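**Student:** Submitted below is the structure of interest, expressed as structure tokens.
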Amino acid sequence: MNQHTLSRIAIFLLSIVLIVFGIEHFVHPRNMLIYVPAWIPGGITWVYVVGIACILVAISFIINRLVKITAYLLALLLFS
């Protein structure tokens, strides 16, 4: 198995995890609300925004389009 195949498998597995996390944000948004600081306006809106972002990042990784910019935006999202 070459390096390219292994990296594609790893990206695919990461995409599956991101899709599951994104869906979880929509299925149980009230459970995720505790992670949004009280001083940030919007509350539950941010839970949905992060859920959408996770799903879109996973789609980008799977179809292998705009991967570099998507990875940077995911890192920024996770860091913030």
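The values are calculated or read from the model by the stated rules, or taken from the named source; none is laboratory data. Keep in mind the model is a prediction, meaning the values are calculated, not measured. Cβ sites come from the backbone with ideal geometry, for glycine too, and all protein chains shown count toward neighbours.
**Student:** Among the residues of segment 31-40, are any among the polar types (S, T, N, Q) and closer than 29 Å to Ile9 by Cβ?
**Tutor:** No, segment 31-40 contains no residue that is among the polar types (S, T, N, Q) and closer than 29 Å to Ile9 by Cβ.
**Student:** Just one of Thr45, Thr5, Thr70 is of a type in the set (Ser, Thr, Tyr) and touching a Ser or Thr at 6+ places or on another chain (Cβ under 8 Å); which is it?
**Tutor:** The conditions single out Thr70.
**Student:** Return the total of residues in segment 38-80 being in contact with a Leu (Cβ under 9 Å, 6 or more places away or on another chain), in contact (Cβ under 8 Å) with a residue 24 or more places away in the chain and of a type outside the set (A, V, I, L, M).
**Tutor:** Residues flagged as in contact with a Leu (Cβ under 9 Å, 6 or more places away or on another chain), in contact (Cβ under 8 Å) with a residue 24 or more places away in the chain and of a type outside the set (A, V, I, L, M) within segment 38-80 amount to 2.
**Student:** Looking at this structure, is Phe61 touching a Cys at 6+ places or on another chain (Cβ under 8 Å) and on the phi < 0 side of the Ramachandran plot?
**Tutor:** So Phe61 does not fit the description; no.
**Student:** Please go through segment 21-80 and give me each residue that is farther than 30 Å from Ser7 by Cα, part of a loop (DSSP other than H, G, I, E, B) and not small (Gly, Ala, Ser), ordered by number.
**Tutor:** Hits for segment 21-80 are His28, Val36, Pro37, Trp39, Ile40, Pro41.
**Student:** Also: So for segment 4-15 (the condition being outside any helix (DSSP H, G or I), surrounded by 14 or more Cβ atoms within 10 Å (Cβ to Cβ) and either at pLDDT 95 or above or at negative phi (or both)), does at least one residue qualify?
**Tutor:** no
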